[in-house]
1. At 0.692 mPa s and 37 °C, plugging the Kirkwood radius over alpha-carbon pairs of the chain into Stokes-Einstein gives what diffusion coefficient in µm²/s?
2. Measuring with a 1.4 Å probe in the full set of protein chains, what accessible area per residue, in whole Å², belongs to the chain?
3. Once you put a point 7 Å from the Cα of R129 and another 7 Å from the Cα of A255, both along the Cβ direction, what distance in nm separates them?
4. Measure nothing fancy, just the Cα-based angle from helix 137-151's long axis to the longest principal axis of the chain, in degrees from 0 to 90, nearest 10.
5. For R192, list long-range residues whose amide hydrogen, built 1.01 Å from N in the peptide plane, is under 5 Å from its own amide hydrogen.
6. Roughly what angle does helix 269-278 make with the longest principal axis of the chain, taking Cα atoms, 0 to 90 degrees, to the nearest 10?
7. Over the chain, with every protein chain in place, what whole percent of the accessible area is carbon and sulfur at 1.4 Å, could you tell me?
8. Enter the angle in degrees (range 0 to 90, nearest 10) between the Cα long axis of helix 165-182 and the first principal axis of the Cα atoms of the chain, meaning the one along which they spread out most.
Amino acid sequence: MERVRTQPQPQATVPAVPRVFSGIQPTGLIHLGNYVGALRQWVELQRQYESYFCIVDLHAITVPYEPAELQQRILEAAAANLAAGIDPERSVLFVQSHVPEHTELMWLLNTVTPVGQLERMTQYKEKARRSKHGVMAGLLNYPVLQAADVLLYKATLVPVGEDQVQHIELMRDIAERFNKTFGETFPLPEARLSKGARIMALNDPTKKMSKSVPGSYIALTEDPDEIRRKVRAAVTDPGPPAQGARLEDASPGVANLFTLLEVFAPEAYPRFAEAYTDGTIRYSELKQVLAEALVEALAPIRERYRRLVSRPDQVWDLLRHGAERARMVAQATMEEVRRRMGLRGA
Ligand code: TYM
């Protein structure tokens, strides 16, 4: 009997083990919010999964910036990642613009991304409101590039802070629409949040800790006296709460310090939590314990960071090597995407 010949169909190559992808913008010092919300998770996840961590310079240029400083900012961001524990033997650490496939995929994904959805992104709306010289298309398309970042590696685990969740939901939609239109290609990524996914500004705990708000953050490389000073100045309440108060109802400033305490001094947390419900808590004491725990946790990071920025050639070599490794995966995905979209013969 004659066999029926079927046309070979391009098969989606889904990675056998889940991949991790995340990114950070090289826009100034990396702070405690970045560390607690994102970086700390990266360091954990790299032990278990194939991981890609990216310094997203092409995202950083969507707001006004100083071109002469960009290379130094990239170097500093890479050094902070390494100092915090990203291991270049385990993870692929690289610069986004060194892998041109990110921008190519972004263009292709633009064709399956509704403008209305981009206009509804909270971060876009905030940045557009602040922009003094009109809104550039790059700002609107920012989340499409972010979708390309993750989908290029077919990553499914995306460890981020809470402010990125909306962007990850959007990238799932983009991936789904692509799959429906051109055939199953991309697995759907998921945000992975940890405790402290939203660290608040120390000087105004109703807003998130952010590099763009001076006084709001503690840099990962801050010196001990600055750490102590900033923690001491953190906004709390004028006095302890009434007896029987619940920690869940604490003011944003107090809640924020408790979150940090739980991460950096877990052994002291129960004692202060109890003092809070008893109405006997002294915030100055809590701050002192927290400040010392932060000084201790950040000291080795600061030391490693100093050593790394004093050897820029070594860091750049490492980043170049990272880009080579990333490109192998990126090129394979692009081959598949181009074929599916009819941009190449089968
Ligand atoms: P970026 O550079 O603003 O921040 C890097 C990471 O730090 C987290 N983060 C926080 N977490 C808790 N509390 C805070 N106060 C706080 N501030 C920042 C962010 O959530 C983020 O995880 N668009 C991204 C970069 C990006 C990306 C990607 C992320 C580009 N492509 C692909 C994941 C996957 C950003 O602006 O991060």
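The values are calculated or read from the model by the stated rules, or taken from the named source; none is laboratory data. Everything numeric here is computed off the predicted structure, so don't read it as measured data. Virtual Cβ from ideal backbone geometry, glycine too; neighbours counted across all protein chains shown. Each accessible area value is taken on the protein alone, full model and side chains, heavy atoms only, with ligands, DNA and RNA left out. Shrake-Rupley method; radii C 1.70, N 1.55, O 1.52, S 1.80 Å.
1. Stokes-Einstein gives a translational diffusion coefficient of 151 µm²/s.
2. Values: 17300 Å² over 346 residues.
With the other protein chains kept in place, the chain gives 50 Å² per residue.
3. Placing both labels 7 Å along Cα→Cβ, they lie 2.0 nm apart.
4. Around 80 degrees separate the two axes.
5. V158, V160
6. Taking Cα atoms only, the helix is inclined about 60 degrees.
7. Carbon with sulfur: 50 percent of the solvent-accessible area.
8. Roughly 10 degrees, rounded to the nearest 10.
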